[in-house]
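The values are calculated or read from the model by the stated rules, or taken from the named source; none is laboratory data. Model, not experiment: these values are computed from the prediction. Cβ placement follows ideal geometry from the backbone for every residue including glycine, while neighbour counts extend to all protein chains displayed.
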Amino acid sequence: MRWEAQGIPAASAALPEGCPVRLVDNWRSVLAHAWSLRLSVIATVLSGAEVAVSVLSSNPPIPPGTFAVVAFAVTAASGLARLVAQAPISGDPR
């Protein structure tokens with residue numbers, strides 16, 4: 001069922017005319033199911049935790065750079081996850 005039939009405007013209707021950025025038609029499905037987005041959020045939280053720990057503690061309990069290394073690994077995984085077919089998003093039955 002199309003979103004417009006449910007009274008929800010299409011993703012492109014929310015952007016100003018002439019805007020070169022367009023959301024994919026199934027953006028709600030991507031938002032709900034894409035591992036690349038989930039991993040990006042985790043990487044963001046880890047980066048924020050690194051800053052918070054370094055600012056709030058003069059002697060952090062975690063070695064310096066640990067959050068950065070883990071955030072790097074999660075960010076790399078999010079890039080790879082973007083290439084993997086995910087049935088709820090791409091319709092791949094596998």
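Conditions tested, residue by residue: (1) part of a helix (DSSP H, G or I); (2) at pLDDT 90 or above.
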| position | (1), (2) |
| --- | --- |
| VAL41 | yes, yes |
| SER47 | yes, no |
| GLU50 | yes, no |
| PRO60 | no, no |
| ALA73 | yes, yes |
| ALA76 | yes, yes |
| VAL84 | no, no |
| PRO88 | yes, no |
Is it the case that some residue within region 46-64 is closer than 30 Å to VAL24 by Cβ, out of contact with any strand residue (DSSP E or B) (no Cβ under 8 Å at 6 or more places or on another chain) and polar (S, T, N, Q)? yes
So, VAL69, is that one within 13 Å of the chain's Cα centre (by Cα), among the β-branched types (Val, Ile, Thr) and modelled with pLDDT of 80 or more or not? no
